[in-house]
Amino acid sequence: MKLRRTLLGIVLAFSTAGIIATNTDAEAYQELYEQQDQQEIHIKEVLASEFISEEDQDLLNQGLDRIEEAEQTETRRSLRLLMEEEKKQLSQVQQRVVSKEAEVAKSELTQLIEKFETLEKKSQEPYIVAEDSLQIESLKSELKSLTSVQKVLPIRTLSGELSTLSTQMSENQSLLVDSINELKELNKESAQLFNKEYLLASDKEALKNAEEENAQYFEDADDFELVKSRKSDSQQLIRQLKTKQEKTEKDFQENKSQTNELVKTTNSLISEGDLTSEEKDKLSEVIQTLSNALEMTDYEPGDLAKNYTILQTNYNEFMSNSNQRIAAAKEKAEAEAKEKAEREKEEAAAQQAAQKSSNSSSSSSSTSSNTSSSTSTPSPSLSGEWYQAPSGYKFLKVESGKTYGQVKNKNNFKLITEAEASNYTPGHGNGYAKQ
């Protein structure tokens with residue numbers, strides 16, 4: 001607020017007009033100055049507007065200068081007239097400023113609408129995040145409320161929000177596209193793993209399912225968190241199955257060949273060895289487990305190595321048991337053969353003694369000869385390439401203690417009675433002997 005004019009200044013102003021000044025006059029002047037101060041505030045606000053023309057700026061500034069000069073010399077009446085003229089000019093300038101702002105607001109609103117339409121069109125592109133699309137709808141409602149606005153501030157505020165959303169939308173779209181591309185790369189990595197050896201069928205199925213889930217986002221996606229979660233799950237699955245495949249491959253490379261050989265050898269032991277039914281069942285169970293593992297129908301990494309060790313331990317134990325039984329059977333067969341040979345020798349000696357002491361007729365001799373033939377061991381019959389044991393007899397493989405009904409090479413077997421065969425076990429058929 002301007003300082004109150006001194007009484008001397010007022011006296012000088014009044015003297016010029018031929019009037020005597022008083023304290024009351026000084027207070028009246030001060031009231032005018034206060035009114036001018038308030039009016040100057042409004043003028044400066046208008047001067048600060050971006051919508052005022054240079055001509056109007058000059059007009060208002062000239063008015064301010066004129067009143068400032070008049071304050072020290074003019075009477076109250078003259079000052080009041082100047083202030084009224086300034087007020088009128090201010091009102092006219094304000095109207096022109098308002099009109100200019102309305103014109104600019106209209107232009108900027110048109111630009112804002114175009115800007116919004118561009119952003120709305122972009123929101124229809126693939127990989128636009130859903131939250132950004134929702135903001136488009138919210139801003140659309142705000143835009144509708146600005147159709148009759150004549151002020152630039154709300155228009156520019158909304159324009160700033162649109163610019164922020166546009167930048168955010170592009171950045172989010174770029175991030176989402178990057179994540180989708182990473183998903184595509186994961187599918188390529190999955191396909192490569194799928195084609196590797198030593199991957200279980202269930203693992204291949206899991207990879208295919210993951211690839212299909214990933215592919216759902218390839219054409220379009222609007223949820224960054226969902227894509228991020230899918231990418232994390234896919235990465236974890238590939239990492240787990242890759243490690244599993246590598247362990248499986250190592251297990252097969254180190255144990256497949258020796259496992260096949262051991263299974264073959266163990267099957268021979270089951271068919272040809274002297275095993276109990278419990279031992280056979282135990283070996284067969286481990287062989288089945290290994291066979292499943294070799295076919296990868298029921299397998300976990302390390303199963304070959306683990307079950308190979310189990311089968312090898314059982315094989316060693318049961319082979320030893322079988323060898324002991326076969327040796328015992330062989331020893332028994334040899335003892336019985338020796339006993340039979342001695343008995344037959346004694347019988348032959350007795351027959352010779354009987355023949356020497358016999359003075360019977362030729363018919364009696366003939367009868368005696370037939371009787372001797374009937375007590376001797378009959379010969380096997382040949383059918384094709386197989387020798388058939390006579391009725392009441394069996395072929396014995398002395399080394400294994402196994403008995404058979406038919407053999408290809410009778411010289412490798414001993415012919416014993418069925419009563420004697422009951423002391424041994426029947427053998428399984430093979431290429432050289434069968435029942």
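The values are calculated or read from the model by the stated rules, or taken from the named source; none is laboratory data. What you see is a predicted model, and the numbers here were worked out from it, not measured in a lab. Cβ sites come from the backbone with ideal geometry, for glycine too, and all protein chains shown count toward neighbours. These area figures cover heavy atoms from the full protein model, side chains too; ligands, DNA and RNA do not enter into them. Shrake-Rupley method; radii C 1.70, N 1.55, O 1.52, S 1.80 Å.
Annotations for the structure displayed:
Per-residue answers, yes or no, for (1) closer than 30 Å to ASP223 by Cβ; (2) assigned by TED's automatic domain parsing to the domain that holds LEU47:
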{"site": "LEU90", "(1), (2)": "no, yes"}
{"site": "SER148", "(1), (2)": "no, no"}
{"site": "ILE155", "(1), (2)": "no, no"}
{"site": "SER159", "(1), (2)": "yes, no"}
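- Residues located in segment 132-169, provided they are touching a residue at least 40 places away in the same chain (Cβ under 8 Å) and either touching a strand residue (DSSP E or B) at 6+ places or on another chain (Cβ under 7 Å) or not polar (S, T, N, Q) (or both): ASP132, VAL149, LYS151, VAL152, ILE155, ARG156, LEU158, LEU162, LEU165, MET169
- Number of positions in segment 139-192 that are surrounded by 14 or more Cβ atoms within 10 Å (Cβ to Cβ), touching a Leu at 6+ places or on another chain (Cβ under 8 Å) and in a loop (DSSP other than H, G, I, E, B): 2
- Boolean, LEU237 is open to solvent by less than 60 Å² (accessible area, probe 1.4 Å), within 19 Å of the chain's Cα centre (by Cα) and closer than 30 Å to THR313 by Cα: no
- In segment 408-420, the residues that are without any contact (Cβ under 8 Å) to a residue 60 or more places away in the chain form Cβ pairs under 8 Å with partners that are open to solvent by 80 Å² or more (accessible area, probe 1.4 Å), at six or more places apart or across chains, as follows: LYS408/GLU385; LYS408/TYR432; ASN409/TYR432; ASN412/TYR432.
- Scope segment 193-219; condition open to solvent by less than 40 Å² (accessible area, probe 1.4 Å), closer than 27 Å to PRO301 by Cα and of a type outside the set (D, E, K, R); matching residues: LEU193, LEU199, LEU200, ALA206, LEU207, ALA210
- Beta carbons closer than 9 Å, at least 6 apart along the sequence or on distinct chains, never pair a first residue in segment 318-332 that is under 9 Å from GLY401 (Cα atoms) with a second that is exposed (fewer than 15 other Cβ atoms within 10 Å of the Cβ) and of a type in the set (A, V, I, L, M, F, W, C).
- Every condition in (1) closer than 30 Å to ASN316 by Cα; (2) out of contact with any strand residue (DSSP E or B) (no Cβ under 8 Å at 6 or more places or on another chain); (3) surrounded by 18 or more Cβ atoms within 10 Å (Cβ to Cβ) holds for ASP222 except the one numbered (1).
- Leading residue by the ranking (least open to solvent (accessible area, probe 1.4 Å)) among those in segment 252-264 that are of a type in the set (S, T, N, Q) and either assigned by TED's automatic domain parsing to the domain that holds VAL398 or in contact with a helix residue (DSSP H, G or I) (Cβ under 7 Å, 6 or more places away or on another chain) (or both): THR259
- Which numbered condition GLN288 fails, given (1) in contact with a helix residue (DSSP H, G or I) (Cβ under 9 Å, 6 or more places away or on another chain); (2) surrounded by fewer than 19 Cβ atoms within 10 Å (Cβ to Cβ): (1)
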